[in-house]
Amino acid sequence: MATITMAASPTSNSSASTTSVSLLQRQSSKNADTVSVCSTTSAFSTCPDRHGFYGGNQFSEKPKKETLTREQIIAREKKWIHMTAHWAEYMNTNYKKVRERCRKGIPDALRQKAWFLLTGANHLMAKFPDWYQHLLDQPGNPQIIDEIRKDQHRQFPHHEMFIDDDKPGQKELFNVLKAYSVYNPTVGYCQAQAPIAAFLLMQLPSEQAFWCFVAICDKYLENYFTPGLEMLQRDAGMLNRLLKKTSPAAYRHLQKHNVDPLLYMTDWFLCAMTRTLPWDTLLRVWDCFLCEGVRIFFKVALVIIGATLGPQKVRSQCNGLCETLAVLRSPPKKFLEEDFIMHHIFRLNITIDDFHREHKKQEMLHRKAKLEQQKAAQQQNGGGGGGSSNGAGRSS
């Protein structure tokens, strides 16, 4: 299977990976062809489920457990119709109401329009009319094009949009990923972007999906897909610090067995939970993510870790790194269900100030590490004499 790799443009400088980045890239490859690392595989069906899956990890024969009456659903839809018609006013003067309604769940009938507005993709599309087609008309980087073609068939292969090569989904997925690589050649293409783009195409028309994808890669997950994956490494440190507050027992267990967060959270964050959560849960989490940002993924991760490693019995059975990783990569399904996740992510004992404080700490640690690396490189270069070099300095 392919690992998560960067297919950078000619102008992109892919530095030598650190040990931790190499580990996280290898770890991410283990489930490269799966949709969810947490579900059980079902038999292939002749009819798609309500989300369009014929089989695979995301297939579900069960109807959605509806907790609202038809009248309540219609009332919510009317509220969202009014809100989207007055979007700028709500976002400027009543954001809390937008956030509250996103947390309750965006009605299925309004999700396409809501996501388009929440991401600001509507402004990008208006600012750059006809750019999507213009980007598709460009030849693109041959290396990136080749990488995209290798990966496109792996994304949700049991979904009706992507089940065959001749289905429109695979062509649209290729187009979105290629267009972005031309639009932002500094990033180019990262394998982890593919399931995000495919997921968006299931919700929106291709051009709208592209501009949502741009917003997610360049704003929501800014610097996640650049060579070296430095932002992911910083967020791994931040997740570890937050876990110490929300689940001390789980934190101590992970520290005891030297479990680097990068080994279990890489797929969660890089793929924006698209290969981790059941479909109904994923839609609800994304409703909140597009409204509140990446801290929603932190909260989901904290809930999964705390619920999975919280019981003493589980921790006692995980007497090493491998056993602990196995549990975290395949948590009990009940901890991933929509009701469980949505109930607990907003009841964690962390605040926005906690996020800001930890973010500043990680920024400071990152700058300090950079300075130390630069000093070490200067000392090595300054102290080196003539003749052959015994070992090149590692770029960061």
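The values are calculated or read from the model by the stated rules, or taken from the named source; none is laboratory data. Everything numeric in this text was worked out from a predicted model, so none of it was measured. Cβ placement follows ideal geometry from the backbone for every residue including glycine, while neighbour counts extend to all protein chains displayed. Heads up: the accessible areas ignore ligands, DNA and RNA and are worked out on the full protein's heavy atoms, side chains in. Shrake-Rupley method; radii C 1.70, N 1.55, O 1.52, S 1.80 Å.
Points to keep in mind about this one:
- Residues of segment 175-200 that are surrounded by fewer than 24 Cβ atoms within 10 Å (Cβ to Cβ) and either among the acidic types (Asp, Glu) or part of a helix (DSSP H, G or I) (or both): Asn175, Lys178, Val182, Tyr183.
Matching residues to (1) out of contact with any helix residue (DSSP H, G or I) (no Cβ under 8 Å at 6 or more places or on another chain); (2) over 16 Å from Leu277 (Cα atoms); (3) modelled with pLDDT of 75 or more:
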position	(1), (2), (3)
Ala32	no, no, no
Cys47	yes, yes, yes
His51	no, no, yes
Leu68	no, yes, yes
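- Residues (in contact (Cβ under 8 Å) with a residue 60 or more places away in the chain, buried (at least 24 other Cβ atoms within 10 Å of the Cβ) and closer than 15 Å to Asn240 by Cα) located in segment 271-300: Phe298
- Near pairs, Cβ below 9 angstrom, 6+ apart or cross-chain, from segment 78-100 (closer than 20 Å to Arg284 by Cα) to any residue that is outside any helix (DSSP H, G or I) and of a type in the set (A, V, I, L, M, F, W, C): Trp80/Ile106
- Qualifying residue in segment 83-99 (condition: modelled with pLDDT of 80 or more, within 30 Å of Pro332 (Cα to Cα) and either over 21 Å from the mean Cα position of the chain (by Cα) or among the hydrophobic types (A, V, I, L, M, F, W, C) (or both)): no
- Given (1) free of Cβ contacts under 8 Å to residues at least 40 places away in the same chain; (2) outside any helix (DSSP H, G or I), number of the condition Val259 does not satisfy: (1)
Okay, residues lined up against (1) within 22 Å of Leu221 (Cβ to Cβ); (2) hydroxyl-bearing (Ser, Thr, Tyr); (3) touching a residue at least 12 places away in the same chain (Cβ under 8 Å):
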| residue | (1), (2), (3) |
| --- | --- |
| Gln312 | no, no, yes |
| Ser316 | no, yes, no |
| Val327 | no, no, yes |
| Asp339 | no, no, no |
| Lys361 | yes, no, yes |
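- Segment 214-233, subset in a loop (DSSP other than H, G, I, E, B) and touching a helix residue (DSSP H, G or I) at 6+ places or on another chain (Cβ under 9 Å), residue most open to solvent (accessible area, probe 1.4 Å): Glu222
- Of the residues making up segment 234-263, those that are of a type in the set (Phe, Trp, Tyr) and buried (at least 23 other Cβ atoms within 10 Å of the Cβ) number 0.
- Condition met for Arg111 (in a helix (DSSP H, G or I) and either of a type in the set (Gly, Ala, Ser) or open to solvent by less than 30 Å² (accessible area, probe 1.4 Å) (or both)): yes
- Lone qualifier among Pro195, Pro185 - being within 13 Å of the chain's Cα centre (by Cα), touching a residue at least 40 places away in the same chain (Cβ under 8 Å) and in the same structural domain as Leu124 (by the TED database): Pro195
- Members of segment 162-175 that are of a type outside the set (Gly, Ala, Ser) and farther than 14 Å from Thr274 by Cβ: Ile163, Asp164, Asp165, Asp166, Lys167, Pro168, Gln170, Lys171, Glu172, Phe174, Asn175
- Residue list for segment 143-164, filter: outside any loop (DSSP other than H, G, I, E, B), open to solvent by 30 Å² or more (accessible area, probe 1.4 Å) and farther than 13 Å from Phe174 by Cα: Gln143
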